[in-house]
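Beneath this line is the structure, given in structure tokens, with notes to follow.
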Amino acid sequence: MNGSEQASAQKPATAARMYDYYLGGFHNFRADQEAAERVLDQFPHLTSVARVNRAFLGRAVRYMVDCGIRQFLDVGSGIPTAGNVHEIAQAAAPEARVTYVDIDPVAVAESLEILEGNGRATAIRADMRHPETILAHKSVRELLDFDQPIGLLLAAVLHFVPEDDTAYGLVRQLLDALPPGSYMAVSHIASESFVPSDRYSAATAVYQQQTSTPVDSRSKPDVERFFAGIDLVEPGVVWGNEWRPAPGDPEIKDDDPLKKGVWAGVGHKR
Ligand SMILES: C[S@@+](CC[C@H](N)C(=O)[O-])C[C@H]1O[C@@H](n2cnc3c(N)ncnc32)[C@H](O)[C@@H]1O
């Protein structure tokens, strides 16, 4: 472990476990709960933004399965919770294969635990800022066939890569590795909702100081840029709850600020 990895490892909370707390999960510790509460003090509706994001992810997976996708690479997959990608994909197409990737060892351990006995899904620990380590990983290569279309999922994770060069570069590298016919789903915290303010600074400072993954929002045009070179499917990049809504989605009042929170879109590589 180098110096900066050691410093990161000593940070008490993680983004994965804080997100689990927002969603009402149980795989979080006191440090995560305290850090998450400090963020919720600033943005109480973040719990609903998390649910809207999670529902988008589910709809995007179902859409991809309907389009014939039978293998998924879920990067920044988080801690298993309601509506896991392999459950959704394999319910619709039992032969579907899923590889989960996360930087958080707890997320990976919990994923492996629930995947025990499931030969068509696995989880690996990797840092997406180094996509080549994901693409070369033995488990990824064993489970996914890079000659067949893949569904790449980047849900609520790119905002943990605030440096543009790294974020756009890693998406390009992952997309370049996928064969034609593949899809990519992206959701991202919206800077139109989380505008620079004392509240925003206080919330982002929690991630900066207490986790190893600083966070920052991006605008709609910034999120659209992730799809450069591939076709955005209808309705393009829209608010998370407006992307092909379906029965059972979290209910949102029109004037509710949480409606604006996360940008979401799906692209198709021809
Ligand atoms: C907000 S959660 C999203 C979980 C899931 N994708 C969803 O949308 O429900 C973000 C996840 O990204 C992971 N993450 C953050 N930075 C990462 C990195 N550099 N490489 C891999 N995973 C990362 C965190 O550990 C966390 O589990």
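The values are calculated or read from the model by the stated rules, or taken from the named source; none is laboratory data. What you are looking at is a predicted structure, and each value in this text was computed from that prediction instead of being measured. Cβ sites come from the backbone with ideal geometry, for glycine too, and all protein chains shown count toward neighbours. Only protein heavy atoms, including side chains, enter the accessible area calculation; ligands, DNA and RNA are left aside. Shrake-Rupley method; radii C 1.70, N 1.55, O 1.52, S 1.80 Å.
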Quiz prompt | Output for segment 78-115, where each listed residue is away from the ligand (no atom under 12 Å from the Cβ), assigned to a loop (DSSP other than H, G, I, E, B) and either open to solvent by 30 Å² or more (accessible area, probe 1.4 Å) or touching a Lys or Arg at 6+ places or on another chain (Cβ under 8 Å) (or both) | solution = A93, P94, E95, A96
Quiz prompt | Members of segment 229-240 that are part of a loop (DSSP other than H, G, I, E, B), loosely packed, with under 15 Cβ neighbours inside 10 Å and out of contact with any Asp or Glu (no Cβ under 8 Å at 6 or more places or on another chain) | solution = G229, E234
Quiz item: Any residue in segment 39-52 that is under 13 Å from A156 (Cβ atoms), open to solvent by 10 Å² or more (accessible area, probe 1.4 Å) and assigned to a helix (DSSP H, G or I)?
Solution: yes
Quiz item: Mind checking which residues of segment 15-36 are in contact with a helix residue (DSSP H, G or I) (Cβ under 8 Å, 6 or more places away or on another chain), open to solvent by 10 Å² or more (accessible area, probe 1.4 Å) and in a helix (DSSP H, G or I)?
Solution: A15, A16, R17, Y19, Y21, Y22, A31, Q33
Quiz item: When you look at A89, is it modelled with pLDDT of 95 or more and small (G, A, S), yes or no?
Solution: yes
Exercise. Scan segment 140-160 and give yes if some residue there is within 14 Å of the ligand (Cβ to nearest atom), more than 17 Å from the chain's Cα centre (by Cα) and surrounded by fewer than 23 Cβ atoms within 10 Å (Cβ to Cβ), otherwise no.
Key: yes
Exercise. Give D74, D66, D32 a once-over and let me know the one that is near the ligand (Cβ under 9 Å from one of its atoms), of a type in the set (D, E) and modelled with pLDDT of 95 or more.
Key: D74
Self-check item: Condition met for R129 (open to solvent by 70 Å² or more (accessible area, probe 1.4 Å) and either within 13 Å of the ligand (Cβ to nearest atom) or touching a Leu at 6+ places or on another chain (Cβ under 6 Å) (or both))
Solution: yes
Quiz item: When both residues are 6+ apart or on different chains and their Cβ atoms are under 6 Å apart, which pairs have a first residue that lies in segment 37-58 and is in contact (Cβ under 8 Å) with a residue 60 or more places away in the chain, and a second that is more than 10 Å from the ligand (Cβ to nearest atom) and of a type in the set (D, E, K, R)?
Solution: Q42/R199; A55/D249
Practice problem: Looking only at segment 105-126, decide whether some residue is acidic (D, E) and touching a Ser or Thr at 6+ places or on another chain (Cβ under 8 Å). | Solution: no
Quiz item: Is it true that some residue in segment 215-225 is within 16 Å of the ligand (Cβ to nearest atom) and over 18 Å from the mean Cα position of the chain (by Cα)?
Solution: no
